[in-house]
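One structure is given below, encoded as structure tokens.
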Amino acid sequence: MSVWEQLLNLLFPPKCPFCRRILDSPGVCDTCRKELPWTEEHEAVREGTDGLRCAAPLWYEGKVREAILRLKFYGAAATAETLGALMAQCAAEHLSGEFDLVTWVPVSRKRRWKRGYDQAELLARAVCRAWGVKPVALLRKTMNNPAQSGLKEDAARRANVLGVYEMRPGAEVSGRRVLLIDDVCTTGATLTECSKVLREAGADAVVCACVAHARRERDRR
């Protein structure tokens, strides 16, 4: 650890992103590691319509939900490092060999300005740091549509994201296999729409990774 990193840890000690307990080094505390709602082997990768494949290490509930909401809405940008490391491990275990490029689902310019950052970009950068690579900005959001979290019906979520993403000028994805990063996979509407844009631009394949899956009715049985 560099002198600069040691100084930062003294001024801003690392905390568990889930219970906010102060730790000696960034990561997850022992208690949360035992108690968090981890996805089991057969649950980690969710498959949906239009070829969607998304890996996530956790379920979107309890402390996990609270941690992601703090990241998205309450300025807890530092938590992205640990959350991204968990995603990197999950993606390496379940999607290894299926991608050669990493990007993320972007927020709108207005939402980024309001938050001060794009949480999916922070997660993508943390994932890539774990692998010693860098993510590539491929997509942009063309309008500030209503948040998906405020919509309950699957059809409404799909309609809400239709046509709101496009390739960034100059972005090149032809022949590449892309890992697309976001924070949560609820119905998969956003990931599916972004994957469609990437494939139409020439991507050979798109797989996805998130911090957490929202449980569906059949997941509770």
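The values are calculated or read from the model by the stated rules, or taken from the named source; none is laboratory data. A quick note: this is a predicted structure, and the numbers were derived from the prediction, not measured. No Cβ is skipped: glycine too gets one built from the backbone with ideal geometry, and neighbour counts run over all protein chains shown. Remember, those area values only see protein heavy atoms, side chains included, never the ligands or the DNA or RNA. Shrake-Rupley method; radii C 1.70, N 1.55, O 1.52, S 1.80 Å.
Applying the Karplus relation 6.51 cos²θ - 1.76 cosθ + 1.60 with θ = phi - 60° to the range 22-28 yields 3J(HN,Hα) values of 5, 10, 6, 8, x, x, 10 Hz, where x marks Gly and Pro.
How many lysine pairs are close in the range 5-116, with Cα atoms under 21 Å apart and the two 8 or more places apart or on different chains? Count of close lysine pairs: 7. Full extension of the chain segment joining R215 with M167 gains 14.3 nm, where the gain is 0.36 nm per residue of separation less the Cα-Cα distance.
Heavy-atom accessible surface of R215, to the nearest 10 Å², is about 70 Å², with a 1.4 Å probe and all protein chains retained.
Calculated FRET efficiency, S96 to D50, Cβ-Cβ distance, R0 = 22 Å: about 0.45 to the nearest 0.05. Once the C-beta distance of F73 and R21 is scaled by a Förster radius of 30 Å, the resulting FRET efficiency is 0.90 to the nearest 0.05. Applying 1/(1 + (r/R0)^6) with R0 = 25 Å to the Cβ-Cβ distance of E43 and A205 gives a FRET efficiency near 0.70.
Positive contributions from Lys and Arg (+1) and negative ones from Asp and Glu (-1), summed over other residues with Cβ under 11 Å from the Cβ of I68, come out at 0.
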